[in-house]
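The values are calculated or read from the model by the stated rules, or taken from the named source; none is laboratory data. The structure presented is a predicted model; accordingly, all values stated were derived computationally and were not measured. Quick reminder, even Gly has a Cβ in these numbers, built from the backbone with ideal geometry, and neighbours come from all protein chains shown.
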Amino acid sequence: MKHRNLVCTAAIAATFIASAPCARSKQAGIELQPISSVRTNVTGIGAAEIVAHDPVTHRLFVVNFPASRIDVIDATNPLNPVIVGSIDITPYGGSANSVAVKDGVIAIAVEAVVRTDPGSVVFFDTNLNYLNSVPVGALPDMVTFSPNGRFVLTANEGEPSIDYSFDPEGSVSIIDISNGVAGLTEENVRTAGFAAFNNVTLDPSIRIFGPGATVAQDIEPEYISLSNDSKTAWVTLQENNAIAIIDVPSATVNKLVGLGTKDHSLTGNGLDASDRDSAINIRSWPVRGFYLPDGIASFKVGSKEYLLLANEGDAREYDGFVEEARIGAADVVLDPTAFPNAATLKANANLGRLKLTRAQGDVDHDGDFDTIYTFGGRSFSIRDTAGALVWDSGDQLERITANAFPASFNAGHDDKTFDSRSDDKGPEAESVTVGKVGGRTYAFIGLERIGGIVVFDVSNPTAPEFVQYVNNRDFTANNNTPESGDLGPEGVLFIPAEESGSGKPLVVVANEVSGTTTIFEVNSK
């Protein structure tokens, strides 16, 4: 594959793969084409994590976690984006986790130096002048503005300490900025917490399992989407396999919704379960998957709103608590009644390498597993605003990527090994966004491991149609070189035509491992 150098300085190189391979449906209404990419001088997890866009200055603001800064890119000409500055986060706490921008104001979620301490939201204007900061909950992992511009919300994940000796409560902070940000104090910050659910019987598919944790401590908010009227927030609680429904004006958690499990024994819900079978083997297995969604976006079709969720999957792994184990491990015993062929299933070429959770599955508490629960749905889902499942992509993501890159199927974001992620969570749908082009509504799903963006037409939420899979990655090149392209898409952003510098709709992807921020032009076919 040929590459064209667009920008090159001592610290920055911008390249793109001119002929990025992709798969397309014959009925595709749009096509993504990579047109430019900015590479920072930092690589590794978080080097380009979340991206936000200001439609007035056409600047992109990109979280650079390991460098503790926000990189600022001028994308007035999307064909030639240039880094024009940065915001140093170190005076305000530990590192930045998320960034959002609206009406000339930048909001940055900053974790504390001690991650279990309360974090903060730091405000700047789009000319990078500091405006103010206010405290929020522990480990603010995502920040967003409400559509009406009145509120800024953070998902405060509240992860435990490494030894699990201290587990702060998860929460959602709601900051009222209706009178501007310059005069904000902590009095303008309200907390939507979960203590009210500590002694409530919950849906059994909601996972509360941290050692000694209350419900409020165990819940870990991940990502937020808001209704068009700014009254309701839907928050993914990834490790808990749930979403929270929050009334924004009153800062009240109205409901916790368990997301159930995915039956991988059903046709169309298969998965490749082994990294030791030397083959692409997507098939049905007697396994149930917790959806464990990461990214969430809301969209309207007609008068009805829907939720789009990326079912990444995530396991708790700390020095003080590890929940995952391989099914083939000697101390993982499968119930002989539920699994009469246990010895066959535990073979490495079958389910032996697949990881299950030790926290659930022993229904009768006799020391063996009556049900195998694994991590993530290897899919994206559409749900209604009450959390009920409307549609799930089944095993399409693994099949789409297998078709496009059979020699690199289920490769990782930091390695190119065939089949290496099959025993984990496959391609790992990480982030989602939605945009309208030509009167149709499209979902853009970032796949964290093998990489790339999958596009579906979701204009009919009960029957989405695959449009395209494009991966701006060169598997023949050494990882973390300019030639390797994009590794580890983390944040995906849609920019409508009327807000882009070129007058054409764009999709911007922040890739955390390669440290690249890549711009795709959305062309109608």
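The rows are residues; the columns are (1) more than 13 Å from residue 54 (Cβ to Cβ); (2) of a type in the set (Ser, Thr, Tyr); (3) part of a loop (DSSP other than H, G, I, E, B).
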site	(1), (2), (3)
100	no, no, no
108	yes, no, no
120	yes, yes, no
127	no, no, yes
132	yes, no, no
136	yes, no, no
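When residue 486 is tested against the conditions (1) among the charged types (D, E, K, R); (2) more than 21 Å from the chain's Cα centre (by Cα); (3) buried (at least 24 other Cβ atoms within 10 Å of the Cβ), the lone failure is (2).
Within the stretch 88-137, the set of residues being free of Cβ contacts under 8 Å to residues at least 40 places away in the same chain and of a type in the set (Ser, Thr, Tyr) comprises 90, 120, 130.
For the structure I just gave you, tell me whether residue 192 is within 26 Å of residue 48 (Cβ to Cβ), buried (at least 16 other Cβ atoms within 10 Å of the Cβ) and at pLDDT 95 or above. For residue 192, the condition - within 26 Å of residue 48 (Cβ to Cβ), buried (at least 16 other Cβ atoms within 10 Å of the Cβ) and at pLDDT 95 or above - is not met. At least 2 residues being out of contact with any helix residue (DSSP H, G or I) (no Cβ under 7 Å at 6 or more places or on another chain) and among the β-branched types (Val, Ile, Thr) is the threshold, and among the strands (runs of 3 or more DSSP E) wholly inside the stretch 288-406 those reaching it are 296-301. Only residues that are touching a residue at least 60 places away in the same chain (Cβ under 8 Å) and either in contact with a Lys or Arg (Cβ under 7 Å, 6 or more places away or on another chain) or closer than 17 Å to residue 184 by Cβ (or both) were counted in the stretch 138-147, giving 2.
When residue 70 is tested against (1) in a strand (DSSP E or B); (2) surrounded by 15 or more Cβ atoms within 10 Å (Cβ to Cβ); (3) modelled with pLDDT under 95, only condition (3) is not met. Please work out which residue is nearest to the chain's Cα centre (by Cα), limiting yourself to the stretch 179-207 and to residues that are farther than 25 Å from residue 257 by Cβ and outside any loop (DSSP other than H, G, I, E, B). Within the stretch 179-207, the match that is nearest to the chain's Cα centre (by Cα) is 189. Restricting 513, 508 to those that are in contact (Cβ under 8 Å) with a residue 40 or more places away in the chain, surrounded by 23 or more Cβ atoms within 10 Å (Cβ to Cβ), of a type in the set (A, V, I, L, M) and part of a strand (DSSP E or B) reduces the list to 508. Summed over the stretch 381-399, the residues that are over 28 Å from residue 409 (Cβ atoms) and touching a Ser or Thr at 6+ places or on another chain (Cβ under 8 Å) give a count of 2. Quick one: in the stretch 489-505, which of the residues that are within 19 Å of residue 56 (Cβ to Cβ) and acidic (Asp, Glu) is surrounded by the most Cβ atoms within 10 Å (Cβ to Cβ)? Among residues in the stretch 489-505 that are within 19 Å of residue 56 (Cβ to Cβ) and acidic (Asp, Glu), the one surrounded by the most Cβ atoms within 10 Å (Cβ to Cβ) is 499.
Considering the stretch 169-178 alone, what residues qualify as being touching a strand residue (DSSP E or B) at 6+ places or on another chain (Cβ under 7 Å) and either part of a loop (DSSP other than H, G, I, E, B) or without any contact (Cβ under 8 Å) to a residue 40 or more places away in the chain (or both)? The answer is 170, 176, 177. Take residue 181 and tell me if it is farther than 20 Å from residue 115 by Cα, in contact (Cβ under 8 Å) with a residue 40 or more places away in the chain and touching a Leu at 6+ places or on another chain (Cβ under 6 Å). When the stated conditions are applied, residue 181 passes them. Looking only at residues of the stretch 217-241 that are of a type outside the set (Asp, Glu) and within 19 Å of residue 317 (Cα to Cα), we find that the one that is farthest from the chain's Cα centre (by Cα) is 217. The number of residues in the stretch 409-445 that are small (Gly, Ala, Ser), surrounded by 21 or more Cβ atoms within 10 Å (Cβ to Cβ) and under 26 Å from residue 262 (Cα atoms) comes to 6. Among the residues of the stretch 152-166, are any assigned to a strand (DSSP E or B), without any contact (Cβ under 8 Å) to a residue 60 or more places away in the chain, closer than 25 Å to residue 243 by Cα and among the hydrophobic types (A, V, I, L, M, F, W, C)? Checked against the condition, which is being assigned to a strand (DSSP E or B), without any contact (Cβ under 8 Å) to a residue 60 or more places away in the chain, closer than 25 Å to residue 243 by Cα and among the hydrophobic types (A, V, I, L, M, F, W, C), the stretch 152-166 yields at least one hit.
For (1) modelled with pLDDT of 95 or more; (2) of a type in the set (Ser, Thr, Tyr); (3) buried (at least 19 other Cβ atoms within 10 Å of the Cβ), each residue gets a yes or a no:
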position: 315; (1), (2), (3): yes, no, yes
position: 325; (1), (2), (3): yes, no, no
position: 329; (1), (2), (3): yes, no, no
position: 334; (1), (2), (3): yes, no, yes
position: 345; (1), (2), (3): yes, no, yes
position: 357; (1), (2), (3): yes, yes, yes
position: 370; (1), (2), (3): yes, no, no
position: 375; (1), (2), (3): yes, no, yes
position: 382; (1), (2), (3): yes, no, yes
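Scoring residue 211 on the criteria (1) touching a Phe, Trp or Tyr at 6+ places or on another chain (Cβ under 6 Å); (2) assigned to a helix (DSSP H, G or I) leaves a single failure, condition (2). Any residue at all in the stretch 275-295 that is among the β-branched types (Val, Ile, Thr), over 22 Å from the mean Cα position of the chain (by Cα) and within 23 Å of residue 150 (Cα to Cα)? Scanning the stretch 275-295 turns up no residue that is among the β-branched types (Val, Ile, Thr), over 22 Å from the mean Cα position of the chain (by Cα) and within 23 Å of residue 150 (Cα to Cα). Checked against the criteria, residue 56 does not count as of a type in the set (Val, Ile, Thr) and not in a loop (DSSP other than H, G, I, E, B). Run residue 378 past the list (1) more than 30 Å from residue 308 (Cα to Cα); (2) touching a Pro at 6+ places or on another chain (Cβ under 8 Å) and report the number of the one that doesn't hold. Among (1) more than 30 Å from residue 308 (Cα to Cα); (2) touching a Pro at 6+ places or on another chain (Cβ under 8 Å), the lone unmet condition for residue 378 is (1).
Every residue, every condition in (1) of a type in the set (Asp, Glu); (2) at pLDDT below 95, yes or no:
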| residue | (1), (2) |
| --- | --- |
| 413 | no, yes |
| 445 | no, no |
| 448 | yes, no |
| 459 | no, no |
| 482 | no, yes |
| 507 | no, no |
| 510 | no, no |
| 515 | no, yes |
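Taking the stretch 459-483 as the range and being crowded, with 24+ Cβ neighbours inside 10 Å and either within 17 Å of residue 308 (Cα to Cα) or free of Cβ contacts under 8 Å to residues at least 60 places away in the same chain (or both) as the test, only 467 passes.
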